[in-house]
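The values are calculated or read from the model by the stated rules, or taken from the named source; none is laboratory data. It should be emphasised that the depicted structure is a prediction, and the values quoted were computed from it without experimental measurement. For neighbour counting, all protein chains shown are included, and Cβ atoms are generated from backbone atoms with ideal geometry for every residue, glycine included. These area figures cover heavy atoms from the full protein model, side chains too; ligands, DNA and RNA do not enter into them. Shrake-Rupley method; radii C 1.70, N 1.55, O 1.52, S 1.80 Å.
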Amino acid sequence: MALFSIKFIGFVCITLVVYYALNKKVPGKQWIILLLASLIFYHWTGKFSYIIITALTTWAGALLSLKIGAKYKAIKKDKTIGRAEKKVVKKHILNQRRVVLLAVMLVNFGILGYIKYWSTMWNGLMGFLQMNPGFHFGHLLLPLGISFYTFQSMGYMIDVHNDKYPPERNFFKFLLFVSFFPQLIQGPINRFDALAKQLFEPHPVLFENIRYGMLLFGFGAMKKFAIADLLNPSVAAIMDKGPGDMPGSIMLLGAFLYAIQQYADFSGGIDMVMGAARMFDIQMAPNFRQPYFSTSLGDFWRRWHITLGAWMRDYVFYPFALTDSMLHFGKWAGTHLGKHCGRVLPACVGNLVVFFLVGIWHGPELHFVLWGLYNGIIIALNDLFEPVFKAGLHFLQVNEKSKGYHLFLILLTFFIVNIAGYFDRITDVSKSFHFLVHTFTNFEVSGFGATYHSLVYPHLSDHAILVICLASIIVFINSVLQERKIDTFSRLADIHIAFRWAVYYGVIFLTMASFLIPSGAGGFMYANF
Amino acid sequence: MEELIDLLKDIKDDVDFEHSTTLIDNRELDSFDIIQIVAALNDEYDIKIPASDIIPKNFNSAKAIYDMVQRLQDEQ
């Protein structure tokens, strides 16, 4: 079921009516409506069995972990048992809980790995070894949102293991946490302690939630249809074509348009699902914070796909960086390579591990691995050479607090993100490198006009450019205001009625206008992950 | 507490550890600092700070760090 379809809008409207009507009759049971709606939504769009396995194994594993942990709590209070003996019991119980945690993770990451990675890895390995085993694994159909709900569930399991909060005892409530329909298409990866309370508490109908949700949904639809989808044919025309004699300037234009397309597609889709959830008075975890205003690649990753970054930080980066061996490595580096290296090297290694995994999270193909490592290496180099950069700026007498330098960093970061697009959008790695080399060795500004006319223009009509530019201006103004900590969607309700409705009509008009221009685009990019 | 503040100042001397209650929220400490602080606290107080304790609530002020160290000393 497409997010912007009569079927989805009708589905949300009916669910909203039943949801708020039930609160008057039986307060506190609205979550049952959300669960039923989520199961219906998933039945229409996904493969049902896997999400049930994830929910069931995680729910049962968390309760088992609690039960084992409770044994120690009883012993801890017993004053007849000595401290040394308690320590032995504690260690034994911790090991048992670790086995439960590992088993649940193995099952769920095993399912994800098998469905998402196995065929590519197996066929790649056989090709590399030039072996023909006589059979071939076809690509399995990826169940909707499997990467998102698996990570969300495993985050919950680790939190329960660490006694961050008690596990949910009601399986159906836990199933709702895993399958809440707005998060199924492309995240965000929600946390139990932030989302569950909202899902299960009573929600009286408030006009502000409906208004805010509809506006956010409409704004996201404009990003998706009036920007991302209209850019799709021209991005494909450049990036899908072999490099040949294409000037590097056109390749960079392709990467630039792809950066805009990807942001509009992913953040637009997230706005739509956040808007849908907000209509039910549920606020999901934010996934974007004006990423193209970042002043470094590290900053970019704290603003782009925030929930995946936060998941990696809490469940991979710190557990890895705080292992005994990494802490020793930090001390060794501090003693042998200087104070600065001792400070940044362990985190640099941690970031490389994280971005390798972020690359793999997107897919098993080599270009995703390289794309992840590109991000990790740039961030590591930026941190390692920080004293050199500082000395250079001091030598050149650059004022680091000036607006000009701030703008320079924003543009530099945007350029670095654009280059990353070569490894993200182009699936053939040798072609990615060819594009990269060509961009710097054969920029050829003089050939830009002719190639643009023959290659890009047929896919980017004047009407499409007008709609894209107008929609982008609205998105840009909104981003500037949000960067200044203004909640634009709330403030819009307070401004003059003429201006308010001009914005509403503008958003609706641009979205509708985009449907008159053929784009050939389909679903959301991140729904493929 | 003074001992702890001295230890923190050895790692990062340009932060007001005596008064700040927003060390993480205002990004006065970054991930490099956190890793160094954890390594120093583990050595100094003979504890092992787990990754699950790396949350803003435990690192937003010197007092919060002190409370976490006390708790871990009792538990471990």
Cross-link partners of A:Lys390 among lysines (Cα-Cα below 25 Å; sequence separation of 8 or more within a chain): A:Lys331, A:Lys339, A:Lys401, A:Lys403, B:Lys9, B:Lys12
Neighbour cut-off at most 12 other Cβ (10 Å), DSSP loop, trypsin sites (Lys or Arg not before Pro), the range A:455-506: A:Arg484, A:Lys485
Per residue solvent-accessible surface (Å²) - the protein assembly as shown, probe of 1.4 Å: 49 Å²
The range A:385-529: C-alpha gyration tensor shape, a/c 1.5 cut-off, then a/b vs b/c: oblate
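Regarding the range A:268-398, what is the average projected area of its C-alpha convex hull, in nm²? Write down the numbers at each step before the final one.
Values: hull surface 43.3 nm².
About 10.8 nm², averaged over all directions.
How big is the charge dipole of chain B about its Cα centre, in debye rounded to the nearest 20, if each Lys and Arg gets +1 on its Cβ and each Asp and Glu gets -1 on its Cβ?
The calculation lands at about 340 debye.
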Residue-averaged [θ]222 nm for the protein assembly as shown, counting only DSSP H segments that reach four residues, each worth -39500 (n - 2.57): -22000 deg cm²/dmol
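Put A:Met222, A:Met121 in order of accessible area, largest first, 1.4 Å probe: what do you get?
Highest to lowest solvent-accessible surface, that is A:Met121, A:Met222.
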The range A:6-205 shape via C-alpha gyration tensor axes, a/c threshold 1.5: oblate
Trypsin sites (Lys or Arg not before Pro) restricted to the range A:381-456 and DSSP loop, no more than 14 other C-beta within 10 Å: A:Lys401
Heavy-atom accessible surface of chain A: percent carbon and sulfur, 1.4 Å: 69 percent
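Using the structure shown, select from A:Lys67/A:Lys197; A:Lys91/A:Lys116; A:Lys25/A:Lys224 the pairs with a Cα to Cα distance greater than 28 angstrom.
Beyond 28 Å between Cα atoms: A:Lys91/A:Lys116; A:Lys25/A:Lys224.
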List A:Cys348, A:Cys469, A:Cys341, ordered by accessible area with a 1.4 Å probe, largest first: A:Cys469, A:Cys341, A:Cys348
Where GluC sites (Glu not before Pro) in DSSP loops with at most 16 other Cβ within 10 Å are excluded, longest remaining stretch of chain A: A:1-399
Computed over the protein assembly as shown, Cα set: Rg, Dmax in Å: 26.1, 88
